[in-house]
């Protein structure tokens, strides 16, 4: 009988972590990744920083070297986009109409920039999401250029900082009175705003953008109060929307796919993760998007572990779900917590140390369990501090510090380190 295997739609972080986790946990069936871009999967955060500044080579942001995909039998379908889904027949349709059968499907098609209609059609307007976007913007960021950046969120501020470093004369237009206030609070948001002003940017807050003026290229941005901002290039960073329009008619949401805490959708054999998904948050009893790097990483891995994806395990360990899992499934807590601590020790330590969950600490302290901690070569302070907090929370635990490369986690670390972690857990 033919095995159509697992089809991953999306070449971003969530899809990559799913593929890695499937192979690491012993899944031997076909794995295909549908990548809309012509480049193999790569890390996006550097696009607004080191790559945009020219300080890092494009090849340095690849998640894995090209040979990894061949060695692990993960087939990359580059430059290929999904256009439709027929879940009853287990078929996905490509833009050209070709069907792709699947046994299990992960929707990890990510997000796409939210656009401003009155900026459409201008050749010097940029939205930064892909490597191609980065290349195009980088060509315009020459010394003395006047970029106007719409939105003082994380992307807007990062692009602003990079442009300042390249000698640009930066203006940031932000609708809120305090940048990032809903995320960071007014005090910290104000601090970030002042930091950019000190570095030479002009930051306009409470500024409502109403239109643009120019012929072919934006020459001025027009604010509601009548202010005109002269500019040579415009970068809009006003958030993203799920790239899920291709699911129209499938029974899933075109504006994001709602999933349970395990990444499962309302359709059989269909999962979703990353910016395309809207996970259920049991803390508040609602579905809510989580648009950041870390969420995409653990959601992609969690989908690979979920019951129904490859049949290996029937739980997901997440930052917000572990305590409830421990309380509601005491017979499994030893296994769950051990995996949780190996993969996400910092969040658990922070919960114990900062939230002061004495009841959870008391409950877990009855277990004698090993803990593997992978630390970065360039930043030992944070993981070591977290490890100390963890050890204080569970004095009986056996702690082991394993040096690794920068930003490594047990899911993405080299195989020899992963094997060492696995051995440590088995010995426990």
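The values are calculated or read from the model by the stated rules, or taken from the named source; none is laboratory data. These numbers come from a predicted model, not from an experiment. As a convention, Cβ positions derive from the backbone with ideal geometry for all residues, glycine included, and neighbour counts pool all protein chains shown.
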Do the conditions hold for residue 22, that is, is it assigned to a helix (DSSP H, G or I) and out of contact with any strand residue (DSSP E or B) (no Cβ under 7 Å at 6 or more places or on another chain)? no
Qualifying positions in region 62-81 - assigned to a loop (DSSP other than H, G, I, E, B) and in contact with a helix residue (DSSP H, G or I) (Cβ under 6 Å, 6 or more places away or on another chain): 63, 72
Exactly one of (1) surrounded by 15 or more Cβ atoms within 10 Å (Cβ to Cβ); (2) more than 16 Å from residue 149 (Cβ to Cβ); (3) in contact with a strand residue (DSSP E or B) (Cβ under 6 Å, 6 or more places away or on another chain) is unmet by residue 190. Its number? (3)
Any residue at all in region 245-260 that's in contact (Cβ under 8 Å) with a residue 12 or more places away in the chain, farther than 24 Å from residue 46 by Cα, in the same structural domain as residue 138 (by TED's automatic domain parsing) and out of contact with any strand residue (DSSP E or B) (no Cβ under 6 Å at 6 or more places or on another chain)? no
Looking at 131, 141, 105 in this structure, which one is in contact with a strand residue (DSSP E or B) (Cβ under 6 Å, 6 or more places away or on another chain), surrounded by 16 or more Cβ atoms within 10 Å (Cβ to Cβ), in contact (Cβ under 8 Å) with a residue 12 or more places away in the chain and farther than 13 Å from residue 212 by Cβ? 105
Looking at 84, 59, which one is part of a strand (DSSP E or B) and outside the structural domain of residue 234 (by TED's automatic domain parsing)? 84
Subset of region 25-36, residues in contact with a helix residue (DSSP H, G or I) (Cβ under 8 Å, 6 or more places away or on another chain) and surrounded by fewer than 17 Cβ atoms within 10 Å (Cβ to Cβ), comes to 25
Which one of the conditions (1) closer than 24 Å to residue 136 by Cβ; (2) free of Cβ contacts under 8 Å to residues at least 40 places away in the same chain does residue 242 fail to meet, given that it meets all the rest? (2)
I'd like to check which helices (runs of 4 or more DSSP H) are fully inside region 106-223 and have at least 3 residues that are within 22 Å of the chain's Cα centre (by Cα). 131-138, 154-165, 181-184
Please state which one of 62, 82 is under 30 Å from residue 147 (Cα atoms), in contact (Cβ under 8 Å) with a residue 12 or more places away in the chain and surrounded by 14 or more Cβ atoms within 10 Å (Cβ to Cβ). 62
Considering every residue within region 45-52, establish whether at least one is modelled with pLDDT of 95 or more, outside any loop (DSSP other than H, G, I, E, B), surrounded by fewer than 19 Cβ atoms within 10 Å (Cβ to Cβ) and outside the structural domain of residue 154 (by TED's automatic domain parsing). no
